[in-house]
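The values are calculated or read from the model by the stated rules, or taken from the named source; none is laboratory data. Since we're looking at a predicted model, the values are computed, not measured. Neighbour counts run over all protein chains shown; Cβ positions are idealised from the backbone, glycine included. Calculation scope for accessible area: heavy atoms of the full protein, side chains included, ligands and nucleic acids excluded. Shrake-Rupley method; radii C 1.70, N 1.55, O 1.52, S 1.80 Å.
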Amino acid sequence: MARTDIPKWLTKTPVAHRGLHDIAKGVPENSLLAFRKAMEAGFAIETDVRITGDQQVVVFHDPDLTRLCGREGVVSRMPLAELKPLKLLGTAETVPSFRDLLDLVQGAVPLVVEIKKDKGEPVGTLETSVARMLQHYPGPFVVQSFNPRTVKWFEKNAPQIVRGQIATDLVNMTKGLSWFTRLQLKRALMNGYGNPDFLAYDVRDLPSEITAAARRRGLPLLSWTVRTPSERARAAAHADNVIFEDLSTQA
C-alpha cells in the first residue's frame, strides 16, 4: 500500500537534474552555482552523492574524475579534502560536499538525493551517513537509488524518509549481469522490493511493464531525464512529474 505522507511537491514541482546547469553558460552540473540557479528559479534539485575514501559524502555523479575534472582518480579512493578543490568541467566551480549543498539550500527548495553506488560497494556506509546528515535538515527531501538494496536499507533503517526506486528499460539496466541476477532484479522491480514510495523512470522507455506495476501499487511516477519538448509531452502523458535539464521544456 502506498504511504499517505508523500509530499505534494514530489508530483508538482519540476526537478532540476543535477541542479539548473548549463555548461555553455559556465554552470557545471552538481555545482553550487547550478544549485543556486535552481533555487532562484524555484525548482526542486536532484543531485548525486557518493562515499569518499575517508568515508565522507561528496556531491559527484561519476565514479571517477575523468569526465568532470579532466584527471585520473576514483572518488571512493580519495579523501574529501583532495576532491573539494578540483574544478568542474574547466570552470571556477569546485566539487561540493553534501554538507556544502545542505548548508546552501537550507530548505529553500526540495531535494531529491540520489545514492550512487560503485559496483560491488556494500550497502550501509553511505546510506547511514546520508540518513544521519538529513536527520535534522530543515527542509523537504527524498532519497532515491538504482540499487534496490539501498532502497531496502532505507525501508529497514530510516522508514520515515521517503524513498524512490530509479529504473530504466530492463535490457539496459541489466546489461552485463548474469541471467539469474537479471531475473532477481526484474522480480525486485516488479514486486516493489524495498517497498519504494515512488518510482523514477527513464522517459525514453515510457510507458513500461514496470511503470504499470508501480501505478497499480499507487506509486507516484517521476520521469528522467526530460530534455526536449517531445520528451516533456511523453512525461506529461505517462508520469506525474519530471526530472529535467532543458529549461525550455518547462515553459
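Can you name every residue in segment 56-78 that is out of contact with any strand residue (DSSP E or B) (no Cβ under 7 Å at 6 or more places or on another chain), under 14 Å from Pro28 (Cβ atoms) and assigned to a loop (DSSP other than H, G, I, E, B)? Asp62, Leu65, Gly70, listed by residue number.
Every residue in segment 7-21 that is assigned to a loop (DSSP other than H, G, I, E, B), under 19 Å from Gly139 (Cβ atoms) and not hydrophobic (A, V, I, L, M, F, W, C), please.
If we filter segment 7-21 for residues that are assigned to a loop (DSSP other than H, G, I, E, B), which is where we start, we get 7-8, 13-14, 18-21.
Adding the requirement that they be under 19 Å from Gly139 (Cβ atoms) leaves 7-8, 13-14, 18-20.
The answer is Pro7, Lys8, Thr13, Pro14, Arg18, Gly19.
Only one of (1) at pLDDT 95 or above; (2) open to solvent by less than 50 Å² (accessible area, probe 1.4 Å); (3) not in a helix (DSSP H, G or I) fails for Glu127. Which number is that? All conditions pass for Glu127, except number (3).
Here is a list: Ala92, Ala24, Ala81. Which entry is part of a loop (DSSP other than H, G, I, E, B) and either open to solvent by 30 Å² or more (accessible area, probe 1.4 Å) or more than 24 Å from Thr225 (Cα to Cα) (or both)? Steps first, please.
Values: Ala24 fails: part of a loop (DSSP other than H, G, I, E, B); Ala81 fails: part of a loop (DSSP other than H, G, I, E, B).
None of the other options fit; the residue is Ala92.
Does segment 35-57 contain any residue that is over 19 Å from Asp118 (Cα atoms) and without any contact (Cβ under 8 Å) to a residue 24 or more places away in the chain? Checking segment 35-57: at least one residue is over 19 Å from Asp118 (Cα atoms) and without any contact (Cβ under 8 Å) to a residue 24 or more places away in the chain. So which residues in segment 214-235 are in a helix (DSSP H, G or I) and either open to solvent by 70 Å² or more (accessible area, probe 1.4 Å) or more than 20 Å from Glu46 (Cα to Cα) (or both), if there are any at all? Across segment 214-235, the qualifying residues are Ala214, Arg215, Arg216, Pro229, Ser230, Arg232, Ala233, Arg234. Taken over segment 27-55, the criterion of being in a loop (DSSP other than H, G, I, E, B) and either aliphatic (A, V, I, L, M) or in contact with a helix residue (DSSP H, G or I) (Cβ under 7 Å, 6 or more places away or on another chain) (or both) is satisfied by Pro28, Thr52, Gly53, Asp54, Gln55.
Look at Gly192 and say whether it is modelled with pLDDT under 90 and within 23 Å of Arg3 (Cα to Cα). Steps first, answer last, please.
Details: modelled with pLDDT under 90: yes; within 23 Å of Arg3 (Cα to Cα): yes.
So Gly192 passes the test.
Quick check, is Ser31 crowded, with 21+ Cβ neighbours inside 10 Å, hydroxyl-bearing (Ser, Thr, Tyr) and in contact (Cβ under 8 Å) with a residue 24 or more places away in the chain? When the stated conditions are applied, Ser31 passes them.
Taking the criterion of being farther than 30 Å from Lys12 by Cβ and modelled with pLDDT of 95 or more, would at least one residue in segment 98-111 satisfy it?
Checked segment 98-111: no residue is farther than 30 Å from Lys12 by Cβ and modelled with pLDDT of 95 or more.
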